[in-house]
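These notes concern the structure reproduced below.
The values are calculated or read from the model by the stated rules, or taken from the named source; none is laboratory data. Keep in mind that what you see is a predicted model, and the values were worked out from it rather than measured. With ideal geometry, Cβ positions are generated from the backbone for all residues, glycine too; neighbour counts draw on all protein chains shown.
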Amino acid sequence: MFKLATIGVYGFDGDSFLERLRLADVRLLLDVRQRRGVRGPDYAWANSLRLQAALAGAGVAYRHHRELAPTTELRHLQYAEDDRQGVGKRSRRELAPEYTRRYTAEILDPADLDPVLEELPDSGVAALFCVERDPEACHRSLIAGRLAERHGVTVEHLRPL
């Protein structure tokens, strides 16, 4: 049985992120962001080239699965709901129901998850990676849920310690 983790950027610095991956025995990071950058100096470590270099130094492989990223339109749908509720992206606790419905119908249902399954390491763990701290506030939880439900993958959500 394959093991899968999910992890976000927020709440970590570069060192604590790599340590969290090490503690969870993550061997492969699956980046499911559309744009692989994060604004602000606190999260510069998570910008694609810096992140890939740090992962390589830590012995963690990296793959980008842009096909699993939400479209700009879907992200804006979530941002509008965040604004309506008065929460910021970094403090969001859950996804809007309409975002979840549309992400599932437009991205997840038509997606071929076989390439993701084929990449999962025989030993160690693969981790779905995006930005939000809490998996319930991020599409990575929807991907993980689908892999668990349809393919028996075990899922652990990694958070800052």
Being aliphatic (A, V, I, L, M) and more than 20 Å from Leu128 (Cα to Cα) narrows Leu51, Leu29, Leu77 down to just Leu77
With the first residue restricted to segment 110-121 and required to be within 15 Å of Leu28 (Cβ to Cβ) and in a loop (DSSP other than H, G, I, E, B), and the second required to be of a type in the set (A, V, I, L, M) and modelled with pLDDT of 90 or more, Cβ contacts under 6 Å at 6 or more apart or on different chains are Leu120/Ala126; Pro121/Leu28
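So that you can scan it fast, the table gives a plain yes or no per residue for (1) in contact with a strand residue (DSSP E or B) (Cβ under 9 Å, 6 or more places away or on another chain); (2) over 23 Å from Gly124 (Cα atoms):
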site: Arg33; (1), (2): yes, no
site: Arg36; (1), (2): yes, yes
site: Arg39; (1), (2): no, yes
site: Trp45; (1), (2): no, yes
site: Gly57; (1), (2): no, no
site: Ala61; (1), (2): yes, no
site: His64; (1), (2): yes, no
site: Leu74; (1), (2): no, yes
site: Gln78; (1), (2): no, yes
Counted residues in segment 122-131 being surrounded by fewer than 23 Cβ atoms within 10 Å (Cβ to Cβ) and touching a residue at least 24 places away in the same chain (Cβ under 8 Å) come to 4
Flagged in segment 126-155 as in a strand (DSSP E or B), closer than 19 Å to Asp13 by Cα and among the aliphatic types (A, V, I, L, M), in numbering order, are Ala127, Leu128
Within segment 46-60, residues within 30 Å of Tyr99 (Cα to Cα) and outside any helix (DSSP H, G or I) come out as Asn47
By residue number, the members of segment 97-136 that are at pLDDT below 95 and of a type in the set (Gly, Ala, Ser) are Ser123, Gly124
With criteria (1) of a type in the set (D, E, K, R); (2) in a helix (DSSP H, G or I); (3) loosely packed, with under 14 Cβ neighbours inside 10 Å, Glu106 comes up short on (3)
Scanning segment 61-75 residue by residue, those part of a loop (DSSP other than H, G, I, E, B) and surrounded by fewer than 16 Cβ atoms within 10 Å (Cβ to Cβ) turn out to be Thr71
Here the residues within segment 34-45 that are part of a helix (DSSP H, G or I) and either within 19 Å of Ala144 (Cβ to Cβ) or more than 16 Å from the chain's Cα centre (by Cα) (or both) are Pro41, Asp42, Ala44
Against the definition (in contact with an Asp or Glu (Cβ under 8 Å, 6 or more places away or on another chain), modelled with pLDDT of 95 or more and surrounded by fewer than 23 Cβ atoms within 10 Å (Cβ to Cβ)), how does Val155 come out, yes or no? no
Kindly indicate whether any position in segment 37-44 is crowded, with 17+ Cβ neighbours inside 10 Å, of a type outside the set (Ser, Thr, Tyr) and either at pLDDT 95 or above or under 17 Å from Arg159 (Cα atoms) (or both).
-> no
Considering only segment 18-33, I want to know if a residue exists there that is modelled with pLDDT of 95 or more, loosely packed, with under 14 Cβ neighbours inside 10 Å and assigned to a helix (DSSP H, G or I). yes
